[in-house]
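**Q** Right, I'll just put the structure down here and ask away after.
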Amino acid sequence: MAELPAEPLKRDVQNHILFECAWEVVNKVGGIYTVIKTKVPVTVAEYGDRYTLIGPLMYKTAPMEVEAQEPTDPALSATLDNMRTQGIKCLYGRWLIEGAPRVLLFDIGSAFHRLDEWKADLWTLAGIPSPPHDTETNDTIIFGYLIAWFLGEYITQQLHTAVVAHFHEWQAGVAIPLCRKRHIDVTTVFTTHATLLGRYLCAGNVDFYNNLQYFDVDHEAGKRGIYHRYCIERASTHCSDVFTTVSDITAYESEHLLKRKPDGIVPNGLNVVKFQAMHEFQNLHATAKAKIHEFIRGHFYGYYDFDLDNTLYMFTAGRYEYRNKGVDMFIESLARLNYRLQKSGSKTTVVAFIIMPAATNSYTVDALKGQAVMKQLKDTVTEIQNRIGARLFEHAARYHGEGKMELQPDELMSAEDHILLKRRIFALRRTTYPPIVTHNMVDDANDPILNQLRRVKLFNAPTDRVKVIFHPDFLNSNNPILGLDYEEFVRGCHLGVFPSYYEPWGYTPAECTVMGVPSVTTNLSGFGCFMQDLIERPEDEGCYIVDRRMQSVEESANDLTNFMFTFTNKTRRQRINQRNRVERLSPLLDWKNLGIEYSKSRQLALRRAYPDAFLNANGEVDDEDSDWFGASMQRFMPSAPASPRLRMSGMATPGDMGTLTEEMQQLNTSDYRGYNWPRSSEEEEDGYPFPLVMKVRSRAGSVHSGISTPGVGPSRSLSEKDLQMADAALNEVTNTPVKPKAEQ
């Protein structure tokens, strides 16, 4: 009698294991490092020890950031032992950051001897070419093959639990087509934070967004020498079970350049530290601003003729991408702002910082001298103050109460003191204007920022109401010129300006929002689209959005100038009020709220990979009983009370975004399991006379794992029952009756 075929192995999808793979795990290169590092606490809270990060082993940083441990999972231990016996070096342990996640780092060099073999296999298997001298691509291929090797071994050792592998960017994406071709039983999610081709096209003065659908992507990639990288990115996109991106604008770009519409949006968040009292972050602003004042006094010595109490600090920061980051528009708008302030007779001074690391030789002598001269003056004045105080005390101590106590100025300040003070004051004389750059640039004559500053004649002249300082270096507290960390510097500024042309997300304005600093962004940045889509009048909340998509460059520059000019006309009280408004938006960017979008994407991937696991007794998709996010969601710890707490009256919370404020309402829809955050009985309801008005998003835009980009294929969307449940929850928030369909 013939044996019946064995039933296919069923894996547990409710308590699945998550591996998150990225080149920037314990390896700070760019923004993805911030995404992963800040997202760790909420992911660990959801998965616990079922969550492991995978990255490259960098010996410069890893030994200081990772505590080596032996794996407790027998399958993981056996997998690593098998790879080590074949010469692969790796480090397993705990990443010493908040959340202390498990981390696995592979030594790329230990597998370098296999590079040619793997390159040939990649061409045979997936048709992806790879030139011999592209070091970054070579490392990417080795890294991808090591991940695929690890996942394949692990799946053979661990047979009972589903495994989700989440990949970030093309550097980790090589493993995705390998897993698909080798039929490894792993569920894959691929997130692109920016497309390769998009970044290259925008940097080349191309009318990108108006011609997006017309680009010959293969030709454009080949012309720029990145065709092999583009192939890796596109293969990762199409072979993954779920494809996500970070913003609507990047989803639109990915649909045309990578030829796949994303299944959803996973916005980038931050770890928001809420203050118990509203004035605390205002005090931090005042403290940081005082430190910037010290730098300004030194930098503008000899021309320090403006009132610091009537001076506003604006800044832009990021990678040195002159056009993509909108530095060209920022400088042009500063020149127009300078003209308008001069014509209006304004007494306000604007100091604009441009913080963008570039190739430099050293600090300029002028910049160093300014800080040294001002320090000498301060020390001298302090010394003379001490002497005068001692003399005044001595004279007062000798007074016996008889007659009139007379004290001549010469008795307090000696001739020696006069001479010493004069020498320090004369040292403040200078024959040139304060420098517009703090460093000696490697290629000063061809630097685009310096050339534009020269063209618009922003030279820090005494008549200029707008002063400019280009600091082409990272900020840190050990800097001899501007000794502040980036966070402290941002807190001390009044306005962040980021008029980007290409910005898939935009962490800089998001960081400003979390720190209570108003910012300017554009509707071509992911953050700008995100805020514009959620808030009815974002400019009222201190989030100014310049239209760079439907307007000409001239009109956009005028809009930016108007925003900055309006800001300079605000009173100090109005600016404080606006900072309070900005700070209350920070829960919208908290990972405790946005992390749910990553959970959605993983659940969608599991439903596509294991559809039978989500069927009920009738063979239908089980919407009611299947807990997509598991009981581990209850392990989230509540944050400190919001400062200020948002009023619920008159405000509707979009159901497809999950939770938007710390007054989270549980929406029991099939694509979201809310969590009712506990509140202390001691908490007081901090109200505002200006309620935050949120937009209610279109039902048609609600998708499985994202915000507004429709999913692809015959995948499951929200049912009518889901929408009715969402209506009921929203009705409790807005106190507005929802009419049944028959009455509408």
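**Q** Over region 240-372, what is the relative contact order in percent, taking alpha-carbon pairs closer than 8 angstrom and at least six residues apart?
**A** Rounded, it is 23 percent for region 240-372.
**Q** Report, as a whole number in µm² per second, the diffusion coefficient that Stokes-Einstein gives for region 320-384 at 37 °C and 0.692 mPa s using the Kirkwood radius over alpha carbon pairs.
**A** Numbers: Rh = 15.5 Å.
Translational diffusion coefficient: 212 µm²/s.
**Q** Fewest Cβ neighbours within 10 Å first, please rank Met58, Met515, Met405 accordingly.
**A** Fewest-to-most ranking of Met58, Met515, Met405: Met405, Met58, Met515.
**Q** Still on this structure, I have one more. When Tyr501, Tyr304 are ordered from fewest to most other Cβ atoms inside 10 Å of their Cβ, what list results?
**A** Tyr304, Tyr501
**Q** Could you line up His133, His228, His238, His299 from fewest to most neighbouring Cβ atoms inside 10 Å? Walk me through the numbers before you get to the answer.
**A** Numbers: His133 6, His228 19, His238 15, His299 23.
Going from least to most buried by this count: His133, His238, His228, His299.
**Q** State, to one decimal in nm, how far the label point of Glu98 lies from the label point of Asn562, with both points 7 Å from Cα in the Cβ direction.
**A** Each label point is offset 7 Å from its Cα along the Cβ direction, giving 3.9 nm.
**Q** Okay, moving on. Can you give the three extents of the C-alpha atoms in region 254-318 along their principal axes, from longest to shortest, in whole Å?
**A** Here the Cα extents, ordered largest to smallest, are 59, 35, 16 Å.
**Q** Now, a different point. Considering amide H positions built from the backbone, and no H for Pro or chain starts, which residues 5 or more places from Leu104, or on another chain, come under 5 Å of its amide H?
**A** The answer is Leu53, Ile54, Gly55.
**Q** How much length is gained on full extension from Lys10 to Asp134, taking 0.36 nm per residue of separation minus their Cα-Cα distance? Write down the numbers at each step before the final one.
**A** Numbers: separation 124, 0.36 × 124 = 44.64 nm, distance 4.22 nm.
In short, 40.4 nm is gained.
**Q** Oh, and also: With a ≥ b ≥ c taken as the square roots of the eigenvalues of the C-alpha gyration tensor of region 185-330, please select rounded if a/c is under 1.5 and otherwise prolate if a/b is larger than b/c or oblate if it is not?
**A** In terms of gyration-tensor shape, oblate.
**Q** Kindly provide the trypsin sites (Lys or Arg not before Pro) of region 351-409 that DSSP labels as loop, not H, G, I, E or B, and whose Cβ sees at most 10 other Cβ atoms within 10 Å.
**A** Hits after loop and neighbour filter: Arg398, Lys404.
**Q** Leu407 to Tyr214: FRET efficiency via 1/(1 + (r/R0)^6), r the Cβ-Cβ distance, R0 60 Å, to the nearest 0.05?
**A** 0.10
**Q** For Cα pairs less than 8 Å apart in space and 6+ apart in sequence, what is the mean separation divided by the residue count of region 1-146, i.e. the relative contact order in percent?
**A** This gives 20 percent for region 1-146.
**Q** A further question follows. What is the P(r) of region 138-255, as percent of Cα-Cα pairs per 10 Å bin from 0?
**A** P(r) for region 138-255, in whole percents per bin: 13, 41, 29, 12, 4, 0.
**Q** Test of the criteria: in region 317-421, which chymotrypsin sites (Phe, Trp or Tyr not before Pro) are in a DSSP loop and have at most 14 other Cβ atoms within 10 angstrom of their Cβ? Walk me through the numbers on the way to the answer.
**A** Values: sites: Tyr320, Tyr322, Phe330, Tyr339, Phe353, Tyr363, Phe393, Tyr399; in loops: Tyr320, Tyr322, Tyr399.
Here the sparse-neighbourhood loop sites are Tyr399.
**Q** Using only the Cα atoms of region 68-114, build the gyration tensor, take square roots of its eigenvalues as a ≥ b ≥ c, and label the shape rounded, prolate or oblate: rounded if a/c is under 1.5, else prolate if a/b is larger than b/c, else oblate.
**A** Numbers: a/c = 3.58, a/b = 1.49, b/c = 2.40.
Oblate shape, in that a/c is at least 1.5 and b/c is the bigger or equal ratio.
**Q** Can you give the Rg to Rh ratio of region 98-182, both from alpha-carbon atoms, with Rh computed by the Kirkwood formula?
**A** So for region 98-182, dividing Rg by the Kirkwood Rh gives 0.99.
**Q** If you don't mind, another one. When the Karplus curve 6.51 cos²θ - 1.76 cosθ + 1.60 is applied with θ = phi - 60°, which whole-Hz ³J(HN,Hα) does each residue of region 158-170 get, with x for Gly and Pro?
**A** 10, 10, 10, 10, 5, 10, 10, 10, 10, 10, 10, 6, 5
**Q** Another one. Using a ≥ b ≥ c from the Cα gyration tensor of region 430-485 (square roots of the eigenvalues), is it rounded, prolate or oblate, where a/c under 1.5 gives rounded and otherwise the larger of a/b and b/c decides, a/b for prolate? Write out the running numbers ahead of the final one.
**A** Values: a/c = 2.04, a/b = 1.34, b/c = 1.53.
Judged from the Cα gyration tensor, region 430-485 comes out oblate (a/c at least 1.5, b/c at or above a/b).
Quick note: the coordinates plus some simple rules give every number you see, no bench work behind them. Worth saying up front: this structure is predicted, and the values here are computed from it rather than measured. Neighbour counts are summed over all protein chains in view; Cβ atoms, including those assigned to glycine, are modelled from backbone coordinates with ideal geometry.
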